[in-house]
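What follows draws every value from the coordinates through simple rules; no lab data is involved. Quick caveat: nothing in here was measured; it's all calculated off a predicted structure. Virtual Cβ from ideal backbone geometry, glycine too; neighbours counted across all protein chains shown.
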Amino acid sequence: MNYTIKTSNPETVNDILEKKSGVEITNLNNFPNDLKLNETVLIVLGGDKVEWEKGFIGFGHITTLPYDFEGRNYKVKIDVDFLLENPMTKYDLRFYPGIFNVTFIGPMTKGEPNQAIQRIELSNIKVLLRAILDLDAQHEEALTRIFGEETMEECKQRIEYLETQYRSYSEKQQVMEQSDVIKEEEEVINFLREEEFVTGGHNLIVYGAPGTGKSYELSQRYKNIERVVFHPEYTYHDFVGSYKPVPLYKKIDGNILRDSAGREYSIGEPIIDYQFVPGPFTKVLIKAFKQPHILHTLVIEEINRANTAAVFGDIFQLLDRDANGKSEYEIEINQDLCNYLIRQGVLPNQGSYSLFIPSNLNIVATMNSADQGVFPLDSAFKRRWRFEYLPINIDDAFHANEEICYGDMKVTWGQLVKNINRVLTVNGVNEDKHIGPYFLTQIDLKDQKIFSSKLLVYLWDDVLRHNRAILFKSARTFSELVQSYEKGEEIFTFNINDVLDIQESEFVSDVEY
């Protein structure tokens with residue numbers, strides 16, 4: 001017999017995700033006399049308002065018989081044999097009627113028991129295995145080690161799918177194929193209808209001087225993040241996805257390796273296959289469609305370091321949003337992307353394949369126009385984004401009072417930044433080229449060479465290339481400047497003890513983007 005176990009205990013969930021041995025499962029109260037060693041268990045993560053994603057996450061096996069009985073409750077220990085990268089939700093399994101009404105796993109058309117352990121039939125497991133293979137065929141080898149070749153071959157045979165036909169991907173209406181399951185279970189139809197998405201998705205670009213903490217600000221503000229860094233060679237195919245060569249391996253007997261965690265791998269003959277490899281936009285889009293109740297965010301670092309018009313391509317049309325945050329317009333997508341989204345369960349198997357950005361997906365970016373060689377953003381692109389300026393505020397930096405050596409004295413990082421920025425302001429240097437509080441980290445400040453290689457190089461080459469005398473004293477070359485600093489000389493034109501009470505509000509943003 002096989003069992004499904006559901007846990008919402010944070011410590012247990014953490015042990016499962018780390019694939020620790022002897023994971024303790026608590027608060028079980030069914031089948032204490034039926035459980036046997038090495039029986040397979042399906043692991044489901046649950047809970048309310050939890051940090052982890054909920055759903056079926058993997059397979060394990062029982063390593064101890066029930067113990068620590070308190071009334072009807074008891075504990076067992078399991079080892080984790082297989083984990084998915086992300087849990088499969090009931091919504092993910094909506095096209096597999098063979099898994100309907102399987103407790104904790106499939107879409108339910110009747111009440112669900114609240115006990116933490118339930119029995120599951122092998123026939124249901126085979127349907128689940130097929131769903132996993134449909135998601136990613138590369139799991140076959142790992143699953144075969146658990147269930148055997150015969151079971152895996154059976155699950156790969158023809159199974160019943162619940163087909164849907166959408167008149168348009170964004171419409172609520174569906175026409176269900178005539179199926180005994182559908183005829184009998186009206187609740188399933190309700191479950192399969194498009195779920196309501198949380199609202200509030202937006203497009204935002206945060207800009208400011210280097211070192212103002214733009215990336216940190218976004219990481220604190222948003223959760224469920226997919227992150228990407230743009231660069232001059234970044235393309236549409238990197239961002240959205242494309243077919244790429246992927247090595248497969250034909251198993252050769254006798255060449256089995258086992259790592260320190262006990263996982264087995266085979267050395268084989270390489271075979272090159274071509275598979276659609278999704279980019280960060282497609283990855284987060286799939287998550288948003290599969291989890292409509294969660295707000296997801298794509299963070300683009302250094303958005304203006306790539307040719308944004310070329311990178312976004314036809315996705316550009318989707319950036320116009322309505323009041324709820326959903327794309328106002330839809331686009332017809334290419335067949336490669338279409339087929340991939342069908343395999344991921346985002347698009348139906350037949351119908352019109354138009355696409356939109358759902359209201360539960362933010363696209364936010366950082367930008368620093370002080371960087372050299374960046375691409376300007378065209379007006380049409382900028383109109384589709386909100387821009388938020390992140391000001392320089394050295395007093396809020398946790399290391400503002402960190403002391404550094406300058407000349408024959410000790411000064412704080414905050415004092416130095418304020419004086420440098422004051423000189424730049426008085427001489428008309430745009431604030432996007434000023435020094436932000438996190439331009440150097442607390443660790444950087446402890447290393448004299450990092451100080452010179454990062455801060456002085458930036459000021460010498462990027463900020464004051466044509467007017468170095470306003471900030472630096474008599475140095476004619478950069479090497480002279482560094483040598484003077486390392487000898488303990490005062491290299492700046494200002495007196496470090498002057499004008500220390502500078503308010504960052506004096507600095508006005510005049511950045512052009």
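May I ask you to list the lysines whose Cα is less than 30 Å away from that of Lys446, ignoring any residue fewer than eight positions away on the same chain?
Qualifying lysines at Cα under 30 Å: Lys214, Lys410, Lys418, Lys433, Lys454, Lys473, Lys487.
List, in order, the whole-Hz ³J(HN,Hα) value for each residue of the stretch 326-336 obtained from phi through the Karplus relation with A = 6.51, B = -1.76, C = 1.60 and θ = phi - 60°; use x for Gly and Pro.
With coefficients 6.51, -1.76 and 1.60, one gets 8, 4, 6, 10, 10, 10, 7, 9, 5, 5, 4 Hz.
Please identify every one of the chymotrypsin sites (Phe, Trp or Tyr not before Pro) in the stretch 307-342 that sits in a loop by DSSP and has no more than 16 other beta carbons within 10 Å of its own beta carbon.
Of the chymotrypsin sites (Phe, Trp or Tyr not before Pro), the ones in loops of the stretch 307-342 whose Cβ has at most 16 other Cβ atoms within 10 Å are Tyr329.
Name the shape class, rounded, prolate or oblate, that the alpha-carbon gyration tensor gives for the stretch 394-506, where a ≥ b ≥ c are the square roots of its eigenvalues, rounded holds for a/c under 1.5, and otherwise prolate holds if a/b is larger than b/c and oblate otherwise.
On the way: a/c = 1.43, a/b = 1.08, b/c = 1.32.
Rounded, because the longest to shortest axis ratio a/c is under 1.5.
Most exposed first by the Cβ proxy, i.e. fewest other Cβ within 10 Å, how do Phe398, Phe381 rank? Intermediate values should be presented prior to the final figure.
Values: Phe398 9, Phe381 17.
Fewest-to-most ranking of Phe398, Phe381: Phe398, Phe381.
Report, by chain and number, residues whose modeled amide H sits under 5 Å from the one on Ile120, excluding near sequence neighbours (fewer than 5 apart, same chain).
Amide H neighbours of Ile120, under 5 Å, 5+ apart: Asn2, Tyr3, Thr4.
Whole-Hz ³J(HN,Hα) for each residue in the stretch 405-410, computed from phi via Karplus 6.51 cos²θ - 1.76 cosθ + 1.60 with θ = phi - 60°, x for glycine and proline: what do you get?
For the stretch 405-410, the Karplus-derived couplings read 7, 9, x, 9, 9, 9 Hz, x marking Gly and Pro.
Treat the count of other C-beta atoms within 10 Å as a stand-in for reagent exposure and order Ile5, Ile286 from fewest to most.
Fewest-to-most Cβ neighbours within 10 Å comes out as Ile286, Ile5.
Name the lysines eligible as straight-distance cross-link partners of Lys75: C-alpha to C-alpha under 17 Å, and not fewer than 8 places from it in the same chain.
Lys6, Lys20, Lys36
Just to be sure I follow: if Rg is taken over the C-alpha atoms of the stretch 66-160 and Rh is the Kirkwood radius over the same atoms, what is Rg/Rh? Display every interim value, and only then the final one.
Working: Rg = 15.1 Å, Rh = 15.0 Å.
A ratio of 1.01.
If the viscosity is 1.567 mPa s and the temperature 4 °C, what translational diffusion coefficient in µm²/s does Stokes-Einstein give for the stretch 2-161 when Rh comes from Kirkwood over Cα pairs?
Working: Rh = 16.0 Å.
Result for D is 81 µm²/s.
Would you list, by chain and number, the lysines whose Cα falls below 27 Å from the Cα of Lys244, excluding same-chain residues fewer than 8 positions away?
Lys156, Lys283, Lys287, Lys290
Taking θ = phi - 60°, what integer Hz values does the Karplus form 6.51 cos²θ - 1.76 cosθ + 1.60 yield along the stretch 354-360, in sequence order, with x for Gly and Pro?
8, 10, 8, 8, x, 6, 9
Could you put Glu489, Glu403 in order, starting from the residue whose Cβ has the fewest other Cβ atoms within 10 Å? It would help to have the intermediate numbers written out before the result.
Details: Glu489 15, Glu403 12.
Taking fewest neighbouring Cβ atoms as first place, the list is Glu403, Glu489.
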